[in-house]
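The values are calculated or read from the model by the stated rules, or taken from the named source; none is laboratory data. This one's a predicted model, so the numbers in the text were calculated from it and none came from an experiment. Note that each Cβ is placed from the backbone with ideal geometry, even for glycine, and that neighbours are counted across all protein chains shown.
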Amino acid sequence: MRGYLAYFAKRFGQFALVVFIGVNLAYVITHATPIDPVEQSIAVVTSFGNTAPEAIEHMRRSLQELYGLKGTPWEQYVTFWSRILRGDFGPSLSAFPTPVAALIARALPWTAGLLIVSTLITWVLGNLLGGLAGYYQKNRSLKLMGVVAMALHPVPYYIVALALLVAFGFLWPILPIGGGSAMNVPQGWNWPFVSSVVTHSILPALSLILLGLGSWFLGMRSLVSNVVTEDYVIYAEVAGVDSRRILGSYVMRNALVPQVTGLAMSLGGIFNGAVITEKVFGYPGLGSLLVDAVYAGDYGLVLGVTTVSILGVSVCVLVIDLLYPLLDPRVQVT
Amino acid sequence: MEEETMKRIRALLLAACALTLVGSLVSPAEAQGIPQNIPRKELVILENPEGTIKNAGWFNIWAINAGSQSNGLQQVALDTLWYIDPEKGIDGAWDNSLAADKPVYNADFTEMRVKLRRGIFWSDGVEFSSADVKATVDIMIKNPSMRFSAVLISNVASVETPDAETVIFKLKKPNSRFHANFTVRWAGIWILPKHVFEKVEDPVKFDFNKPVSLGAYTLHSFDPDGKWYIWQRREDWQRTTLGRFGQPAPRYLAYVDPGPPDKRVIAQLNKELDVIHDIAPEGMFTLAKNKATRAWFKGFPYGHPDPTLPAVVFNTQNEHFKNRDVRWALALLVDPKAVVMAAYRGAATISAIAVPPTGVHPEAYHLPMEAWLKDFELDTGKRKIKPYDPTVGKQIADMLRPSMGEQIPGDANEIARAFGTGWWKPDPQAATELLERAGYKKQGNQWMGPDGKPFTVRLMVEGDLRPVMTRAGTMIVQQWRQFGIDAKVDLAQGTLLTRRAAGDFDSFIGWSVETWGGHNDLSFFMDSWHSQFVAEPGKSQPLRNWQRWSHPQLDKLIEQTRSIGFDDPKGVEIGKEYVKLMVNEMPIIPLMAYNVFTAMDTTYWTGWPTADNPYANPVTNWGNSRYMFVKIKPAN
């Protein structure tokens, strides 16, 4: 137990260091961007109106003060960390004065809902079918599935997404092609809203599942193909153990260990959002929020989303590392 | 056993497919992307080009950059003193909206007096009065970080309201165009409700949700995730300024984010989007095959020419572009036909002069200047040439006719209206002579500058954020390169606004000329071109003189404009002198109007504004688009 606690402390220290370096890098990169949020705001405000040039100068000074962009870089850096430690990312500069945290909180459930569900479905289906394909290597249906998975895998995502849009949004228009829910349906735990969220998520989820399935399928098929040649599997078959038991308890269980690590990494990655999915399907989420913030030079929002993303990936990796010694006896804590 | 397992898998997959289909078929209205519980025949669905609104519940338009403007808020819920339509308007381009008449200035333009309409009410039943106008100004001045604060602080000394229908603006300095701030071109200073804002502690941080409306519509509902807004016609629409023109036909308006261009096309073909704000020419060509779709022009070139002038804007503080000969040489290397084809697939309206070829401008500037342009001589140092070719518009039409057939007009006037008149003849020999006079030399295939280094030009473009302009820029760079200039496309993407203000460019494709369109006064952009506002190199340039160009004669013209009234006929004469100066000096190379491909579907609604019936600008994010709603009718 003492060994495990020492392992825990060491891994937690690594986690804290990764988060610290990651957030600092994000801070440096966002502040190195040539986009000036003040100029972006001025451009938006004045691009269609007749504002006298001297008035623009006045506005520029007022905005710098309002956005808190005055002060030395060191002062701004210290303010940033003092806010982060309090869980406050400050106000969004492109949606001032709304707090960054409020914007993230609004977008995160959409991203998490879509990506967790589609990642889990993809993982379960991909591993299940890949496992079966690896075990029942002569089955023609599963062979065909392997061919389809390999063919789909390298197709660029947006092509599949657009094909689905055209197929189910235009040629056979049975599914909504944009948004997270239907227009004029109040958000809440009511059936019309929940059912419309489900309906609106079918196409984006399907696109993610179709393209994500291949890598899990192929990975699991290879793993199972190796495991079935292990002595203990051959021995079990010779001993007459039921094939379903061999597949479930002997083969799949052992082959799944690296796939679980992959799942954790994928789940951590959902905090990056799914930019192309969100753009193509007009689905609300963190990815679009991040891209829009980059274009607007909204440091606060970019830092908020990247910090959440860094934390998401790091926490998932930490959890997996901490659970591994408990799940897999071959992993020794020393 | 294996067979049994496979049967189970097949059954599972079939069940999943069936569930997906059943789930999607249970609510067909959702599948159509149409608001629930609103009859389609009472609803107009329009594109909000701002896309998804991050801060959807924010309606305080007077705070800077906080929420959406084009979600219907500025089009149908807010109002101000005057509107100038870029086209002909319902009752003339100028419309007295909240004001009962045009502004009245004193002799030295230090005071502007406004008479207001009476009988106009906010949606909560409070009557609009001069107190609202005064509160708008006072709150902006008191809170310097608000959207219109800077312009009001620098102009207004005080506002007096002797009675409920009179407002007197006392100005800090003479300004014969002060009313322009309260005049909608795309937007203006919107009047805020005093009775709401006077109770607010910090107006910068007030969300104004639910907004109290002064326009004919009031907020019905909106998506907290910023995808859609629905507005409902006020029961008392007669008590709004739009009521003068009759009842707005649609009971509901939905402003939506329809997504990328392909989806906009699908949405309109599915009858889920009545008006597309703008789309790439190729999308427009696809939609034009649909009988129900109508664009500004019935046929080619379809798009509505905005009163904005895309041009090659030189940074005249760059050593190369300080020299007028170099600027002219680069202009004479541009083949307008190739640029128009690359940018708009031919669907463009060209302009050789620095005034957009749209609205009332062709009659005031383009056509009267034709004779002068034909006679204009350019001295290359070795000879004098007449660079203007009055037939370029016709050449473009002729070039397109074989592929577009009857869509291309044959009548000379129609061709001029759709494609423009003339442009500069590509003349590499004249460009050579001009460059040589400027001290440039060609070594092998490479032009060298007077300093002996390669003549390098970077042309900044926005990339996929503005594909049409990027394609134009790429074609121009190609033409310069063919001549032996080291020209390159400088891809700015989202940094263009920052770099433009900082002067961090050699040249860029964009615009520094924007006009009213419906009025011939050019001060909207020209006043900011006075030399008093040109920034030092390395300092930030206030809009709109991005070329950082100054000229004593230009200053004189601007000062003359400042000294005369907005409607003074001398304004057009000054404008013509400006045109001549710009042709002589070529600080920007004017290209064409900014054509906006607004696609309007006639399945549910008809009577949209078009070139044949130009009563309003159809582009959905313009404040002026509100006039459409009293002219459109439900389709039978």
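Summary table below
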{"item": "Residues of region B:127-185 satisfying the condition of being at the interface with chain A (Cβ under 10 Å from one of its Cβ atoms) and without any contact (Cβ under 8 Å) to a residue 40 or more places away in the chain", "result": "B:144, B:149, B:150, B:151, B:152, B:153, B:154, B:155, B:181"}
{"item": "Strands (runs of 3 or more DSSP E) wholly inside region B:574-636 that include at least 2 residues being closer than 30 Å to residue B:476 by Cα and at pLDDT 95 or above", "result": "B:588-590"}
{"item": "Failed item, numbered, when residue A:94 is tested on (1) in a helix (DSSP H, G or I); (2) within 12 Å of chain B (Cβ to nearest Cβ)", "result": "(1)"}
{"item": "Which listed residue, of B:494, B:439, is of a type in the set (Gly, Ala, Ser) and within 23 Å of residue B:319 (Cα to Cα)", "result": "B:439"}
{"item": "Flag if residue A:119 is more than 14 Å from chain B (Cβ to nearest Cβ) and closer than 30 Å to residue A:205 by Cα", "result": "yes"}
{"item": "Residue count, region A:181-191 (criterion: more than 8 Å from chain B (Cβ to nearest Cβ) and not small (Gly, Ala, Ser))", "result": "3"}
{"item": "Residue check for residue B:511: on the phi < 0 side of the Ramachandran plot, surrounded by 16 or more Cβ atoms within 10 Å (Cβ to Cβ) and in contact with a Leu (Cβ under 6 Å, 6 or more places away or on another chain)", "result": "yes"}
{"item": "Pick from region B:128-144, criterion crowded, with 21+ Cβ neighbours inside 10 Å and within 28 Å of the chain's Cα centre (by Cα), ranking: nearest to residue B:64 (Cα to Cα)", "result": "B:140"}
{"item": "Count of residues meeting criterion [part of a loop (DSSP other than H, G, I, E, B), within 10 Å of chain B (Cβ to nearest Cβ) and modelled with pLDDT of 75 or more] in region A:35-84", "result": "3"}
{"item": "Extreme residue, nearest to the other protein chains (Cβ to nearest Cβ), among residues of region B:35-64 that are of a type in the set (S, T, N, Q) and touching a residue at least 60 places away in the same chain (Cβ under 8 Å)", "result": "B:55"}
{"item": "Residues (at pLDDT 95 or above and aliphatic (A, V, I, L, M)) located in region B:436-475", "result": "B:438, B:448, B:457, B:459, B:460, B:461, B:472, B:475"}
{"item": "Any chance residue A:194 is out of contact with any Pro (no Cβ under 9 Å at 6 or more places or on another chain) and more than 13 Å from every other protein chain (Cβ to nearest Cβ)", "result": "no"}
{"item": "Identity of the residue in region A:133-180, over 20 Å from residue A:283 (Cβ atoms) and either touching a strand residue (DSSP E or B) at 6+ places or on another chain (Cβ under 7 Å) or within 7 Å of another protein chain (Cβ to nearest Cβ) (or both), that ends up surrounded by the fewest Cβ atoms within 10 Å (Cβ to Cβ)", "result": "A:141"}
{"item": "Enumerated helices (runs of 4 or more DSSP H) restricted to region B:439-526, each holding at least 2 residues that are in contact with a Ser or Thr (Cβ under 8 Å, 6 or more places away or on another chain)", "result": "B:496-502, B:523-526"}
{"item": "Helices (runs of 4 or more DSSP H) wholly inside region A:245-327 containing at least 3 residues that are of a type in the set (Gly, Ala, Ser), within 14 Å of chain B (Cβ to nearest Cβ) and touching a Lys or Arg at 6+ places or on another chain (Cβ under 6 Å)", "result": "none"}
{"item": "Cβ-Cβ under 9 Å pairs, at least 6 apart or on other chains, region A:237-263 side more than 19 Å from residue A:324 (Cα to Cα), far side of a type in the set (S, T, N, Q)", "result": "A:237/A:243; A:241/A:249; A:243/B:5; A:244/B:5; A:247/B:5"}
{"item": "All positions within region B:597-613 that are closer than 16 Å to residue B:86 by Cα, surrounded by fewer than 24 Cβ atoms within 10 Å (Cβ to Cβ) and either of a type outside the set (Asp, Glu) or in contact with a Pro (Cβ under 6 Å, 6 or more places away or on another chain) (or both)", "result": "B:608, B:610, B:611, B:613"}
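A quick yes/no check of all residues on (1) under 21 Å from the mean Cα position of the chain (by Cα); (2) among the acidic types (Asp, Glu); (3) within 20 Å of residue A:256 (Cα to Cα):
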site	(1), (2), (3)
A:124	yes, no, yes
A:129	no, no, yes
A:144	no, no, no
A:149	no, no, yes
